[in-house]
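To keep things clear, I will list the structure first and then write my remarks on it.
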Amino acid sequence: ISKIQTVPNLIKTNIVEIDDKLSYMQSECIKNDIEFTFKLDCDINYIIDNFISKMQLETLLGDLIRNSIIAINHSSSDYKSIMVVLGIKDDFYELCVFDSGIPFEIDTLLNLGMKPSSTHLNEGGTGIGFITTFETVNSTNSSLIIHEFENNNYTKSIEVKFDSKNEYIIR
């Protein structure tokens, strides 16, 4: 029994490319002993038809989840978890990725989207993922909101809110 590992079934979006990306990222989390949860609390087809292309969403998911895996692998916490939520908050559709990894460094936050920025440049991090994220946020006129939490199992969340405001907010 200890040698057989069951993989929890993820909620299906019924969009092959998105389901494949989520399954792949789940397998990457399993390799890194990280719990992975996906919640779908809205009509994903509405998001793709109105706010972001399928390919952009697939890339965004991959980049944000990969960054979360790196942050968690640098954390000393025993709680290792990523939760991805596609839903509606404050009347806006959004993608939100929560993780229990280390927080951002101030310099990284200041340079996000302007030049390649990574807390882990010396370990293979390129910061290009956030350049791509900002390109996506700008082209979809969405807002990028970074929340850092205290006294919570998750240390931060990165939220892409489809609100037509194109803001960058750190909380």
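The values are calculated or read from the model by the stated rules, or taken from the named source; none is laboratory data. All values derive from a computational prediction rather than experimental measurement. Accessible surface areas use protein heavy atoms only, side chains included; no ligands, DNA or RNA. Shrake-Rupley method; radii C 1.70, N 1.55, O 1.52, S 1.80 Å.
Accessible area per residue for the chain in Å², computed with a 1.4 Å probe and the full protein assembly in place, what is it?
Numbers: 9250 Å² over 171 residues.
Computed with neighbouring chains in place, this is 54 Å² per residue.
Based on the alpha-carbon gyration tensor of the chain, what equivalent-ellipsoid semi-axes (square roots of 5 times the eigenvalues) come out, in whole Å, largest first? Don't skip to the answer; put the middle values down first.
Details: eigenvalues 108, 92, 43 Å².
So the equivalent ellipsoid measures 23, 21, 15 Å along its semi-axes.
Build a GNM of the chain with springs between Cα atoms under 10 Å apart, and of Lys54, Lys12, Lys31 the one that fluctuates most is Lys31.
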